[in-house]
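Please treat every number below as a calculation from the coordinates, not as lab data. Please read these numbers as outputs of a predicted model, since none were measured by experiment. Cβ: placed from backbone, ideal geometry, glycine included. Neighbour counts: every protein chain shown.
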């Protein structure tokens, strides 16, 4: 008898839920970023510190994906506050008004990761859709390394467009800043 594969379970969490899941989230992070963990910017401690910062902001949401009891991926983000530093150091030729944050305009996707063994099964797209579902912001934004071809290509296929480049921290990589309009309450 062949057992059927486990169904993907998607769940939303607030900041307290994120803290309860700390060990599992860090395990996924360490698996996904195994080749970069020696870089000070990518240490698990620095990563968790960034997550704590995101979780302290309005509109924070964490979405997890499980197959059975195994956490196979997650995504999270928050509403950019008025005067956000998200666009600090932006390089690109656009209308500067596009970088003006009102505290209600933009939802930032800070992280989206799926364990390597579970990639290319549309789980990242399902996580992203769940994260953006019901958002009332006008648009979503994210940062991606241009050399991360699978992620970069996926975001383009999901309707994101490149605005320019951002280096969010002194010791971080330079990322492509992407934006996608949201369609009201359905994201």
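Full extension of the chain between residue 145 and residue 39 gives 36.6 nm of extra length, using 0.36 nm per residue less the Cα-Cα distance.
GNM remark for the chain: springs join alpha carbons under 10 Å apart, and the peak mean-square fluctuation among 139, 121, 105 falls on 121.
Restricting to bridges with both residues inside region 8-186, how much of the DSSP beta-bridge set is antiparallel, in percent to the nearest 5?
90
Comparing mean-square fluctuations of 59, 77, 92 from a GNM of the chain with C-alpha springs under 10 Å, the top value falls on 92.
Hey, can you rank 97-103, 132-138 by average C-beta count inside 10 Å, highest first? Kindly include the intermediate steps, with their values, before the conclusion.
Values: 97-103: 14.1, 132-138: 17.0.
Order by mean packing, descending: 132-138, 97-103.
Region 89-107 and region 35-80 have Cα centres spaced 23 Å apart.
Once the chain from residue 26 to residue 93 is taken as fully extended at 0.36 nm per residue, the excess over their C-alpha distance is 20.4 nm. Peptides 79-89, 36-46 ranked from most to least packed by the mean count of surrounding Cβ atoms within 10 Å: 79-89, 36-46.
Relative to the longest principal axis of the Cα atoms of the chain, the long axis of helix 123-132 lies at roughly 50 degrees.
With an 8 Å cut-off on Cα pairs and a minimum separation of 6 or more residues, tell me the relative contact order of the chain in percent. List each step's numbers first, then the result.
Numbers: 333 pairs, mean separation 37.7, N = 187.
So the answer I get is 20 percent.
May I ask for the angle, rounded to the nearest 10°, between helix 22-32 and the longest principal axis of the chain, with both axes built from Cα atoms and the value confined to 0 to 90°? On a 0 to 90 degree scale, this one is about 80.
Multiply the residue separation of residue 183 and residue 118 by 0.36 nm, subtract the distance between their alpha-carbon atoms, and state the gained length in nm to one decimal. All intermediate terms of the calculation are to be shown ahead of the outcome.
Values: separation 65, 0.36 × 65 = 23.40 nm, distance 2.89 nm.
Working it through step by step, the gained length comes to 20.5 nm.
Measure nothing but the geometry: give the 0 to 90° angle between the long axis through the Cα atoms of 44-55 and the longest principal axis through the Cα atoms of the chain, rounded to 10°. Relative to the chain, helix 44-55 is tipped by roughly 70 degrees. Just to be sure I understand, if you calculate log10 I(q)/I(0) by the Debye sum over Cα atoms at q = 0.08, 0.14, 0.16 Å⁻¹ for this structure, which of (1) -0.25, -0.78, -1.05; (2) -0.29, -0.82, -1.02; (3) -0.32, -0.81, -1.00 do you get? After the calculation, the listed value that fits is (1).
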